[in-house]
Amino acid sequence: MSLFGSTSGFGTGGTSMFGSTTADNHNPMKDIEVTSPPDDSISCLAFSPHTLPGNFLIAGSWANDVRCWEVQDNGQTIPKAQQMHTGPVLDACWSDDGSKVFTASCDKTAKMWDLNSNQAIQIAQHDAPVKTIHWIKAPNYSCVMTGSWDKTLKFWDTRSPTPMMTLQLPERCYCADVVHPMAAVATAERGLIVYQLENQPSEFRRIDSPLKHQHRCVAIFKDKVNKPTGFALGSIEGRVAIHYINPPNPAKDNFTFKCHRSNGTNTSAPQDIYAVNGIAFHPVHGTLATVGSDGRFSFWDKDARTKLKTSEQLDQPISACCFNHNGNIFAYASSYDWSKGHEFYNPQKKNYIFLRNAAEELKPRNKK
Amino acid sequence: MGVCQFFLRGYCRFGERCWNEHPRGAGRPGGPAPPSQVTSGRGGGWGSSNQRYSSVIQPSTFKSDTWGGSRDHGRGFFGSSDFGSSGGGSRNADFSQNRFSALANSQSVADGSKDEEERLLECVVKDMEIWESSGQWIFSSYSPMKEKLNVSGFSDVSPEELRLEYYDSRAKNMIGNYIDAVQQLAAQWKNRLLQLKALNSSTKAALLSAFKNTGTQPSPAFGLGGQQTSSFGLSSFPVNSSSTSASSFSFKASSSLINSSSSGTSPAAGVSSSAGSAPAFGATSSPSAPQPAGFGSPAAPSAASFSFKTAATAGGFGTSGFSGFGSAAAVNSSSTTTPLPAFGAFNAATATSASPSSGALFGQTASASGHHVTSASAAVTNTTASEKLFTPKSELSAEEWQQFEAKEFTIGKIPLKPPPLELLNAYDLLSLFRNNMF
């Protein structure tokens, strides 16, 4: 079965629903399992950019490693290489030319991994774990942006040990996203800041959080002419806010929607509310995917304001997700995200990364 | 033209365009849905919003086309995908599905702010109920409404931070410590939540005064001048009520602090958190400021247990303790990353440290949210407080002493005065934990 460009995937998955019931629910969606997954929870996933032929996936995990696989057209995954940090890896990203991978870790450093030589060197230092890392490619400069729990956002030229710039954050950085020339950073205590990156990074606006609880993940989306125009922000309370930076009518254009909650068939019983662990926008369709602690992923169309699909429930939370550069593959990681504390942590439980054909399911709804 | 039954129940899809009558007096069950754009029976309808999270999950008007194999339990497919717009303008009268429109009451113009307060409080209570029963992450900040500051007593600890603490504890074979600390934090969360759910008059008063004080940019901005005092007001719940609290932590007490803390403890420090070190718990964050108070114990300001403080990491002495302390003043410890030798030096230190760290851009002081406010200015604002940081034992009544001695505060009996120096080390769990970890 070809993973790309064809609409296989779902149909075959569907039939098994009625027939066999696998006792083990680790892959109810019957998606492709990546071989040799990390030994501990996966914190981040990233696919190679379009500049690299083929598809390469990197995943950072709580086992202090970053792994790289080649994903072939037939769905086969081949482990390629691995690098280690001295602390759990919290985030990873690719450079624009696909030759380097940047990794951020709890060991307060960030590293640059040259895939050709398989060497990794430290390029950043913070006073606390580095939570986010992004590569910025501007017309007149390129740098790595790191956000840390030490309440700073630092920009690094990989050749120098001191940051090009440091921006203070109101609180610990919890999540960030960069789509040139915009960067959005969400911090603890419901802080939310947007930066503009032209010429040099500077704070653009502080935004009142549209959500009532802790911010968990953020993803920038673009408009029809491919310019970043807003972001989606997820919280621990099963809710995502869609926020436009300069909407014609903020009251109507910005909205929030609930997701990753147990059903409300019984309206009198309280719902279970789960955290939204990751949000990713499809690079072509502009629709988005959310993954949650409930072990499900959902696809949404924010323009039509509808849900496109929700998956079956996996037996573990889904901790990370991402799309490949052309939107054909949706990768999601099934591993424990600490949402229920240490009691539910089982180091023996296997962690998975699944790949799904995303070409068809994320097509937007047509608005009439 | 009949009365619209859907509107009465709170979920009319047509809103203003509805042909039936929407009687205004019908208790405003909730913003009716805006005119639906979904024509064909395509999936994902608009369930009408229900911005108060009331237990009714509006069934979607259009049945979804269920996808092949995927099937949520029951109608969860749409029930959970309700869309509500959280308009920035909570005061607009049109029925956009404004999540916060419970507070935008077109008919309450006459009632004015009073009504809004009522709704805010109702909103808080409802949210607390939901929070309690939903199983969602408990170590989270909270605010009932966009422009409002975070409600005190709740501070953010992300799952990753907690997990890292666990991993570090495990590496040092001190998992017991971790478990205890987490349990304590959870207990404090629960206390605060129950308190807000019950909403007795003093909690109400504290909350309302806090809400009133929100000016403009709340969140990150905390920390300055006027805002500062307001946010401090927040912190106390019954405790220190208002301005006194935090401000007292920061500068007033300084002198006494320095004297008493030669051993390296930083009483107030506990409070604001933690300084640079790690994620720390609750106490850290707090631009919402007086988090410490947040923990249900005014004692929070209490110092870290002495023994642990000295073990403090980075920079030892200065870090958690003092920088935390100083940051209380600045409210936002941007400067906390730098270890601070002594309080006295703090002012100077932060002022100077602030600039270099921020490097170019942003002009620290200019930064809107000003949390970088040089501590000097912060100090100025803070000195308005006249309360001391600690109450000498002689000044405490027997009951207050008892409360401080007790393992937990009894709601309703939480002393208004700050705790006595003697009992400080009993309370600062966070610093305790934190210092073990880093």
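The values are calculated or read from the model by the stated rules, or taken from the named source; none is laboratory data. Since the model is a prediction, treat every value here as computed from it, not as a measurement. Please note: Cβ atoms are built from the backbone with ideal geometry, for glycine as well, and neighbour counts cover all protein chains shown.
For A:Q313, are the conditions met, namely being away from chain B (no Cβ under 13 Å) and either in contact with a strand residue (DSSP E or B) (Cβ under 9 Å, 6 or more places away or on another chain) or within 20 Å of A:E33 (Cα to Cα) (or both)? Taking the combined requirement at face value, the residue does not satisfy it.
State all residues of region A:299-312 that are in a strand (DSSP E or B) and farther than 15 Å from A:A219 by Cα; if no residue qualifies, say none. Passing the criteria: A:T306, A:K307, A:L308, A:K309, A:T310. The single condition among (1) at pLDDT below 95; (2) not in a loop (DSSP other than H, G, I, E, B) that A:D315 does not meet is (2).
Every residue, every condition in (1) part of a strand (DSSP E or B); (2) buried (at least 23 other Cβ atoms within 10 Å of the Cβ); (3) of a type in the set (V, I, T), yes or no:
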| position | (1), (2), (3) |
| --- | --- |
| A:H50 | no, no, no |
| A:P53 | no, no, no |
| A:V66 | yes, yes, yes |
| A:A81 | yes, no, no |
| A:D97 | no, no, no |
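Quick one: is A:I318 more than 8 Å from chain B (Cβ to nearest Cβ), touching a residue at least 24 places away in the same chain (Cβ under 8 Å), in contact with a Leu (Cβ under 7 Å, 6 or more places away or on another chain) and of a type in the set (V, I, T)? So A:I318 fails the test.
Quick one: in region A:157-193, which of the residues that are in contact (Cβ under 8 Å) with a residue 40 or more places away in the chain and within 12 Å of another protein chain (Cβ to nearest Cβ) is nearest to A:A320 (Cα to Cα)?
Let us first name the residues in region A:157-193 that are in contact (Cβ under 8 Å) with a residue 40 or more places away in the chain, namely A:158, A:172-186, A:192.
If we keep only those that are within 12 Å of another protein chain (Cβ to nearest Cβ) too, we end up with A:172-175, A:185-186, A:192.
Numbers: A:R172: 20, A:C173: 18, A:Y174: 14, A:C175: 12, A:V185: 18, A:A186: 17, A:L192: 21 Å.
Per the stated criteria, the residue is A:C175.
Screening B:S85, B:S101 for residues that are touching a strand residue (DSSP E or B) at 6+ places or on another chain (Cβ under 7 Å) and at pLDDT below 60 leaves exactly one candidate, B:S85.
Highlighted here are the strands (runs of 3 or more DSSP E) found entirely within region A:226-288 that include at least 1 residues which are facing another protein chain (nearest Cβ under 7 Å): A:239-244, A:255-258. Would you mind stating whether A:I193 is assigned to a strand (DSSP E or B), β-branched (V, I, T) and in contact with a Phe, Trp or Tyr (Cβ under 6 Å, 6 or more places away or on another chain)? In short, no. Scanning region A:140-155 turns up no residue that is more than 13 Å from every other protein chain (Cβ to nearest Cβ) and touching a Cys at 6+ places or on another chain (Cβ under 8 Å).
For A:A120, the conditions (1) in contact (Cβ under 8 Å) with a residue 60 or more places away in the chain; (2) surrounded by fewer than 21 Cβ atoms within 10 Å (Cβ to Cβ); (3) of a type outside the set (S, T, N, Q); (4) in contact with a Lys or Arg (Cβ under 6 Å, 6 or more places away or on another chain) all hold with the exception of (1).
Taking into account only those residues within region B:12-43 that are in contact with a Gly (Cβ under 7 Å, 6 or more places away or on another chain) and closer than 26 Å to A:D253 by Cβ, which is modelled with the lowest pLDDT?
Looking only at region B:12-43, we keep the residues that are in contact with a Gly (Cβ under 7 Å, 6 or more places away or on another chain), and these are B:20-21, B:29-30, B:32-35, B:38.
Going one step further and asking which of them are closer than 26 Å to A:D253 by Cβ, we end up with B:29-30, B:32-35, B:38.
Working: B:P29: 48, B:G30: 46, B:P32: 45, B:A33: 44, B:P34: 45, B:P35: 44, B:V38: 40.
Across region B:12-43, the extreme among qualifying residues is B:V38.
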